[in-house]
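I have placed the structure first, in the form of structure tokens, so that the comments after it can refer back to it.
What follows draws every value from the coordinates through simple rules; no lab data is involved. Given the structure is predicted, the values throughout are model-derived calculations rather than measurements. FYI the Cβ positions are ideal-geometry reconstructions off the backbone, even for glycines, and counts take in every protein chain you see.
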Amino acid sequence: MVLVAVFGVALLVAVLLSGLAARTVLSTSFLFLAGGALVSDGFLGLIHITPDSELVSVTADLALFAVLFTDGMHVSLPKLRAGWRNPVRALGLGMPLAFLFMALVTHFLVGLDWTTSFLVGAVLAPTDPVFASAIVSRREVPAKLRQLLNVESGINDGLALPVVLVLIAAAGPAAGSAEASPGKIALELLLGLVLGIALPLLVNRLARFRLLGAEPKLQPLLPLATGVILYGACHLTHANPYLAAFSAGAAVVHLSPEAKAAFEPLGEALAKFAALLVFGALLTPRLFGDLSFGGYVAVVLAIVLIRPASLLLSLVGTSFSRKEKLVAAWFGPKGFASVVYGLLVLQSGIPQAEEAFTLIAVCIAFSIVAHSSTDVPIARAFDVDDLVGIPAEPPRAAPQQEERRWSEGRVDCRAASSGTRETDRPASR
């Protein structure tokens, strides 16, 4: 219950400081991460969490399912058809390059074997816009830049998942057994994909029956009910719940676009904050002390070189300006999915699981601090003035002008100095 109380306090503090966070380098995500670390054994010792505890595995499982479900809701087919080229470049070229470069750096600087090194690269490949919210949520930032980062981060979690699962199976001591065979993993992924598409279709059909239908106030619960049923069905049938969640989110937003606006913000935030709190509790001084010097060099390279260089190469020849390319290249925060994929690696029992998790955890922690503390200052370079929905102070009228009169959508502006009159100008703010 101590953890529940800590989560409630952290949530309250995050909400109360959210307005300040939108204007400064303060980040709500960082608050939960720091809060978890503060109450852990490394500092105050209020809660006792170990990587192999059931709480960690359950939280990771539920949180990843919820996050992938909401990530799937970012897959809007009309938007993808309208502007698919830049996201495809980032996903088809930038993400594989980052995956490959991170694997090389991990192998040669940290000394992990090749399979585990590629596993680390796959875990750290996804990005997450929640750690750069001022960039992806402000309308003053160019729309194509926001679309690139949103679509990339919404899809790359699902793309990385099969690679992570296959590499865990290949690196594990039972990689050749039937229980961890690539064939069985492929079957579980396929079954998850089928369930993820079929269940939202069934729910949508039921909601359209004349005698059925949800009251408007309860409609946001439809995606929640769909997700709960799908989670239980996947565990009962041994289907892969993560691919099922991602495909179900994409199906839900395609069948009912309004469901995204109703469900996504709260469902995604609570899942991420809960997992960040638990993840933060694992960030003890001992964990940071266990990482070698080569590991810290790899972390720095992952953040300041590998991601930026990979995305810049993928955007060569696009219409992005130099500043837009640099911003897109910098904002590749190690995704929330990386938190949970890292926990999956730790609990997998593969020979170098602890070394891999230490590198992954430190890289995620550094990335959260670096990216969530720079999004607001960089967003201001795009003249972002109305943060957190608070409009900027309107400019004062020129002294020589009288007060404007608004009538029937037109502005009648009379200048006292010249007596001229302007008509037929559309009203705008």
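A few notes on this one:
- Between Asp41 and His235, the contour length at 0.36 nm per residue exceeds the Cα-Cα span by 66.6 nm.
- Loop-located chymotrypsin sites (Phe, Trp or Tyr not before Pro) in segment 291-384 (DSSP state other than H, G, I, E, B) with a sparse environment of at most 14 neighbouring Cβ atoms within 10 Å are absent.
- Rounded to 0.05, the FRET efficiency of the Val304 and Leu17 pair, given R0 = 30 Å and the Cβ-Cβ distance, is 0.60.
- Between Lys323 and Val297, the contour length at 0.36 nm per residue exceeds the Cα-Cα span by 6.7 nm.
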